[in-house]
Ligand SMILES: Nc1nc2c(ncn2[C@@H]2O[C@H](COP(=O)(O)OP(=O)(O)OP(=O)(O)O)[C@@H](O)[C@H]2O)c(=O)[nH]1
Ligand SMILES: [Zn+2]
């Protein structure tokens, strides 16, 4: 799990700002945007935003190892692809802190043990609820499953729209970005990659 921890230096708990400091920071941003935090409609907004941030960034307080630790072996020798596709997620880009909205497709080739299917979606949640680049998020999901389950291979594809490209800056709505990470047999064997792609695309 070293790679995952290294990719995400997290705030030391003792250095985490207080709720009051977070609310004050929101008041500064409200003034920066041009509004008056003292007007009635905005009085409770800093408190709501601080609370919303704890929810939107809850992934910093979650460890993928806790989720991936529970596995099952009684699967009648099943050893072919397990694919969970179209897992919706919201994340935030680390450059602008605005949403990334997309879907993740996650597959692995079991090596005697399988994961609870919901745990795959939970891992997507853990990494989604942090500040991200799409590339890092794709690699982190694949590496977390690879390092804890030790399957024969992992394939992850993320298809997402970046609001920092749609709502601001270059303002291109509707474009999507695709990223993939392959490990093990998926990395070594292009035929396995093709199988993954066609299962993701197949309807
Ligand atoms: N590779 C990658 N780039 C991202 C991601 N999310 C946002 N970006 C890009 O990060 C870049 C930051 O570029 P900068 O020039 O530093 O910032 P900026 O002036 O706000 O850039 P513009 O968005 O072009 O206005 C932009 O090109 C974004 O599109 C991501 O997940 N992966
Ligand atoms: Zn951005």
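The average projected area of the chain, computed from the convex hull of its Cα atoms over all directions, is 13.8 nm². With 10 Å bins beginning at zero, the pair-distance distribution over Cα atoms of the range 12-56 amounts to 28, 51, 18, 3 %.
Between residue 14 and residue 188, the simple spin-label model (points 7 angstrom out along Cα→Cβ) gives 4.7 nm. Scaled against the 2.2 N^0.38 Å expected of a compact globular protein of N residues, the Cα radius of gyration of the range 106-192 reads 1.22.
Relative contact order of the range 66-192: 26 percent, from C-alpha pairs under 8 Å at least 6 residues apart in sequence. Working note: 222 nm ellipticity from helices only, DSSP H runs with n ≥ 4, each -39,500 (n - 2.57), summed and divided by the residues of the chain, gives -12500 deg cm²/dmol to the nearest 500. The distance between label points at residue 178 and residue 96 comes to 2.3 nm (points 7 Å beyond Cα on the Cα→Cβ vector). Cβ crowding within 10 Å, taken as a proxy for footprinting-reagent exposure, orders 89, 196 from fewest neighbours to most as 89, 196. Can you work out the FRET efficiency for the pair residue 150 and residue 52, with r the C-beta to C-beta distance and R0 = 35 Å, to the nearest 0.05? E between residue 150 and residue 52, to the nearest 0.05, is 0.40. Once C-alpha pairs closer than 8 Å and six or more residues apart are averaged by separation and normalised to the residue number of the range 6-73, the relative contact order reads 30 percent. One chain, two ends: residue 113 and residue 62. Fully extended at 0.36 nm per residue, the span grows by 16.1 nm beyond their Cα-Cα distance.
Each reported figure results from applying straightforward, stated rules to the coordinates on display, with no laboratory input. Not measured: the values here are computed from a predicted model. Positions of Cβ are generated from backbone atoms using ideal geometry, with glycine treated the same way; all protein chains shown enter the neighbour counts.
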